[in-house]
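This report concerns only the one structure given below.
Every number here is computed from the coordinates shown, using simple stated rules; none is lab data. Quick caveat: nothing in here was measured; it's all calculated off a predicted structure. So basically every Cβ, Gly included, is an ideal-geometry build from the backbone, and we count neighbours across all protein chains shown.
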Amino acid sequence: MEYVIATTVSTDEIHLADGTVFGNQPGSAGFYALAGVRMFTDKVAVCGGIGPEYLPRHEKWYKDNGVSTEGLVLRSDISPTIVIHYYPDGSRTDEPNIGLKEFRALDPSPDEVFRCCDQNTKGVYVFKDVERDYLDALIGGKLRFGYKLMWEISEDACRPENIDVIEAYLKDIDVFSINRHEACLLYGTTDEEEAQRRLLAASPNWVFFRRGSEGAHMLAGGRIYQCPSISGIQVVDTTGGGNSSSGAVLYACCEGYEPQMAGCMGSAAAAEIIAQFGTPPLFTKEMTERAFARAKASCKEEV
C-alpha cells in the first residue's frame, strides 16, 4: 500500500455546543489522517486493533471509499467509543469508554505496520507519544521500505522534560506535526513564535505547525511558510480538521510538492472535512479537484 496509517481507530459521538448530537461516526486522530490522504488518493490503508463492533458499524464507509481494511485486527472485546463535547467558549473534552492505556494498547505493533508496507509504500503516518522503541522501529522501516515518516505527536507527550528526546528524533522524522498549543506546552512558554523558532532550529526536515482556524505554518529549509485556512467555507464540525490536514501534508510531501503547497493542501483537505458532521460519506473526484484548486489559490509568500 502506498500510504499506511498506523494508529488506533474508534467510533465518535460528537456533541456540538448548540446541542446537536451526531453519533456512530468513524473517528480517531488516525482515521481523520486517513481521510486527509484519501482526499487525494485511494491508495491508503489503516492498521491497528479494533473491537467486534467496529467493522459492522463502519465497513460500508471503507468499501464506498475504496479503502482497505486488511490492516485492522480484532484485538479487544470492547470497541472504543469517544464522546466529544464542544462548549460555547471553544473548549472541548474527549471521554473514551476505555482508559488511555487500553486505547493505546490497540495501536498496531511495528510488525503489523510493516505487513501493510511493501516496496510501493511512500508514506507512513503515526500518532504517538514519546515511545522510543516504537519510533525507532518505524524509523528502521524507512531503510527497509523507503517510505517517508510523519509523526503527529500526542498532547500528553508535549512536556519540557521531553524536549531533548523529541528534538533528537526530528532528524529522522520527515514531517513532524504539532499544533501551537502543544508546541507551547513542549517548550514551557505562552509565546507561539518562540516555540515555532525553536522547532525551526531543531528540525532539518519539515515541521507542520498547525494553528487552528488560522491555518498552519510549514517550517522547512530555515523558512516559515504561510498556509492559511480556506476562507468562505461553511464550518459544521471541526473534529479532525488538524489530523486530516496532517494526512494531506504527508501525501503532498511524498508526492514531491513544495513545502508551502503541501501545507496549503493540508488546509484545503481540512476545509472539506469540517464542512459536514464527521468525514465525508463519499470522496469524489470533484472534491479532490476543489481541494487542489483551493490549495493553489491560497499559497502566499513566506511569513
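Pairs K148/K171; K43/K148; K128/K300; K63/K128; K128/K148; K142/K171: which are spaced more than 20 Å apart, C-alpha to C-alpha?
Exceeds cut-off: K128/K300; K63/K128.
Using a/c under 1.5 as the rounded threshold, could you call the range 116-243 rounded, prolate or oblate? The axes a ≥ b ≥ c are square roots of the C-alpha gyration tensor eigenvalues, and prolate needs a/b larger than b/c, oblate otherwise.
Cα axes put the range 116-243 in the oblate bin.
Quick one: putting +1 on the C-beta of Lys and Arg, -1 on the C-beta of Asp and Glu, what dipole do you get for the range 3-298 around its Cα centre, in Debye to the nearest 20?
My answer is approximately 880 debye.
Helix check for the chain. Which DSSP H runs span at least 18 Å along their own axis by Cα, with a mean Kyte-Doolittle hydropathy no less than 0.0?
For the chain, where a helix must reach 18 Å along its axis and average at least 0.0, the hits are 241-254, 259-273.
For a quick check of your reading of the filter: which GluC sites (Glu not before Pro) in the range 60-161 sit in a DSSP loop and have no more than 11 other Cβ atoms within 10 Å?
E70
Relative contact order, percent, of the chain when contacts are C-alpha pairs under 8 Å separated by at least 6 residues?
18 percent
Just checking my list (1) 21.0, 67; (2) 17.7, 51; (3) 19.9, 53 against Rg and Dmax of the Cα atoms in Å computed from this structure; which label fits?
Checked against the structure: label (2).
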